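Below is one structure, written out as structure tokens; the observations come after it.
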């Protein structure tokens with residue numbers, strides 16, 4: 001008897017919210033206006049996980065929140081993620097709960113599959129040092145030119161919010177060895193980038209190599 | 001002197017909401033639970049129009065709302081669309097306003113670029129009889145096999161909600177001469193399908209023909 005092992009490599013998405021709040025003191029009635037545009041990150045979470053009938057188990061999302069005194073990161077893990085609905089408000093409510101958990105450098109669990117800690121982009125990049133890092137930037141090389149081999153292992157896609165990365169962040173990302181790629185000439189929101197990345201990986205459009 | 005005419009063909013998206021409310025009596029605090037899943041249509045609108053810094057002018061969205069006594073359709077026109085923000089709640093508020101406008105068979109304007117009328121899928125298909133109709137269904141032929149020539153004119157992409165089309169709707173769509181195509185084997189939400197369609201058209205991955 002042969003055992004067929006089907007291995008789907010983990011897809012990580014790192015989304016940096018430069019003004020995103022690190023406290024739960026925002027209003028679900030006005031997420032964009034009261035949370036430092038946490039709505040952008042909420043939509044990126046939905047794009048990363050939700051399928052028509054289920055959740056992508058092979059996805060992990062890191063939300064880097066830099067709009068408070070101390071940076072915080074929320075990690076969402078598809079394998080154990082619960083209570084995520086496709087609408088924006090439910091996602092924001094889950095993040096609000098996570099931000100109410102006292103954060104320390106080690107991860108603390110909020111609800112199932114959602115974790116929070118202090119620390120920002122440098123710490124996330126250190127966690128993912130064994131993954132193939134891919135930084136989405138409009139002036140990068142066409143993502144469709146990446147070779148399939150380089151995407152067969154664990155990958156981590158780095159996306160900014162509406163403000164773009166700072167020179168310090170650019171430096172960290174470069175130092176971590178990320179490839180700089182672009183999805184095309186049209187400038188898109190982070191969640192739409194996530195949908196396109198999944199679409200490309202789902203349909204294996206990459207060059208053999 | 002030569003005059004260079006750059007023509008970008010209109011992209012229409014028709015999204016059918018089988019249970020979507022036709023009245024403004026739903027709560028912005030619980031859109032999925034009180035509006036017959038109008039949240040699905042809100043996200044499709046955002047996916048169709050919003051870019052990182054602007055609105056796609058060459059897009060028109062038809063939301064077919066079948067969850068009331070009389071079907072209604074809301075049309076959003078990129079060329080004149082105003083007040084659309086990327087968050088779900090703002091979009092729902094715009095649709096709420098449109099549903100408060102007394103609807104008759106001729107289009108009535110709500111806010112700039114948003115129109116409403118009575119009538120459902122048959123009327124929309126009649127409006128778009130000169131467009132190339134493309135029906136997204138999971139068992140269709142791979143969309144990437146469409147020839148570029150057939151996509152160079154006005155196109156209209158037909159998408160269902162979470163409940164799928166009824167046999168009557170399937171009949172209407174077939175009679176209208178729509179091509180049945182698929183984005184891949186992964187079953188996706190309507191808004192994610194819209195993002196992928198834009199992505200494919202933006203990067204011209206279609207076969208010459």
Residue satisfying condition, being over 20 Å from residue B:89 (Cβ atoms) and either within 12 Å of chain B (Cβ to nearest Cβ) or surrounded by fewer than 24 Cβ atoms within 10 Å (Cβ to Cβ) (or both), within set A:64, A:70: A:70
Please tell me if residue B:198 is assigned to a helix (DSSP H, G or I), touching a residue at least 60 places away in the same chain (Cβ under 8 Å), within 19 Å of residue B:15 (Cα to Cα) and in contact with a helix residue (DSSP H, G or I) (Cβ under 9 Å, 6 or more places away or on another chain). yes
May I ask you to verify whether residue A:134 is in contact with a strand residue (DSSP E or B) (Cβ under 6 Å, 6 or more places away or on another chain) and at pLDDT below 95? no
Give the residues of segment B:167-190 that are surrounded by 14 or more Cβ atoms within 10 Å (Cβ to Cβ) and out of contact with any strand residue (DSSP E or B) (no Cβ under 9 Å at 6 or more places or on another chain), sorted by residue number. B:172
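Results for (1) touching a residue at least 40 places away in the same chain (Cβ under 8 Å); (2) within 30 Å of residue B:190 (Cα to Cα); (3) away from chain B (no Cβ under 14 Å), shown as yes or no for each residue.
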residue: A:90; (1), (2), (3): no, yes, no
residue: A:99; (1), (2), (3): yes, no, yes
residue: A:115; (1), (2), (3): yes, yes, yes
residue: A:122; (1), (2), (3): yes, no, yes
residue: A:129; (1), (2), (3): yes, no, yes
residue: A:135; (1), (2), (3): yes, yes, yes
residue: A:158; (1), (2), (3): yes, yes, yes
Within segment A:131-148, identify whether any single residue is under 14 Å from the mean Cα position of the chain (by Cα), within 22 Å of residue A:47 (Cβ to Cβ) and not in a strand (DSSP E or B), and answer yes or no. yes
Could you grab me the full set of residues in segment B:90-108 that are surrounded by 15 or more Cβ atoms within 10 Å (Cβ to Cβ) and out of contact with any strand residue (DSSP E or B) (no Cβ under 8 Å at 6 or more places or on another chain)? B:90, B:91, B:92, B:93, B:96
Against the definition (closer than 18 Å to residue B:103 by Cβ and either outside any helix (DSSP H, G or I) or out of contact with any strand residue (DSSP E or B) (no Cβ under 6 Å at 6 or more places or on another chain) (or both)), how does residue B:21 come out, yes or no? yes
For segment A:40-60, indicate whether the set of residues that are more than 14 Å from chain B (Cβ to nearest Cβ), closer than 17 Å to residue A:191 by Cβ and without any contact (Cβ under 8 Å) to a residue 60 or more places away in the chain is non-empty. yes
Residues in segment B:172-188: is at least one within 14 Å of chain A (Cβ to nearest Cβ), in a helix (DSSP H, G or I) and either free of Cβ contacts under 8 Å to residues at least 12 places away in the same chain or closer than 25 Å to residue A:192 by Cβ (or both)? no
What number of residues within segment A:27-42 are closer than 18 Å to residue A:97 by Cβ, part of a helix (DSSP H, G or I) and out of contact with any strand residue (DSSP E or B) (no Cβ under 6 Å at 6 or more places or on another chain)? 5
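Pull up segment B:199-208, narrow it to residues that are within 19 Å of residue B:158 (Cα to Cα) and facing another protein chain (nearest Cβ under 8 Å), then point me to the one that is modelled with the highest pLDDT.
Residues of segment B:199-208 within 19 Å of residue B:158 (Cα to Cα): B:199-202, B:206.
With the extra rule that they be facing another protein chain (nearest Cβ under 8 Å), the set shrinks to B:199, B:202.
Numbers: B:199: 94, B:202: 91.
Within segment B:199-208, the match that is modelled with the highest pLDDT is B:199.
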Do you know which residues across segment A:110-130 are within 25 Å of residue A:57 (Cβ to Cβ) and part of a loop (DSSP other than H, G, I, E, B)? A:110, A:111, A:112, A:113, A:128, A:129, A:130
Looking at (1) under 23 Å from residue A:39 (Cα atoms); (2) away from every other protein chain (no Cβ under 14 Å); (3) in a loop (DSSP other than H, G, I, E, B), which is the only condition residue B:9 fails? (1)
Per the filter on segment B:14-39, residues touching a helix residue (DSSP H, G or I) at 6+ places or on another chain (Cβ under 7 Å) and more than 12 Å from chain A (Cβ to nearest Cβ) are B:14, B:15, B:16, B:17, B:20, B:21, B:22, B:23, B:24, B:26
Where residue A:96 falls short, out of the listed (1) at pLDDT below 95; (2) assigned to a helix (DSSP H, G or I): (1)
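The values are calculated or read from the model by the stated rules, or taken from the named source; none is laboratory data. It should be emphasised that the depicted structure is a prediction, and the values quoted were computed from it without experimental measurement. Don't worry about glycine lacking a Cβ; one is built from the backbone with ideal geometry, like all the others, and counts go over all protein chains shown.
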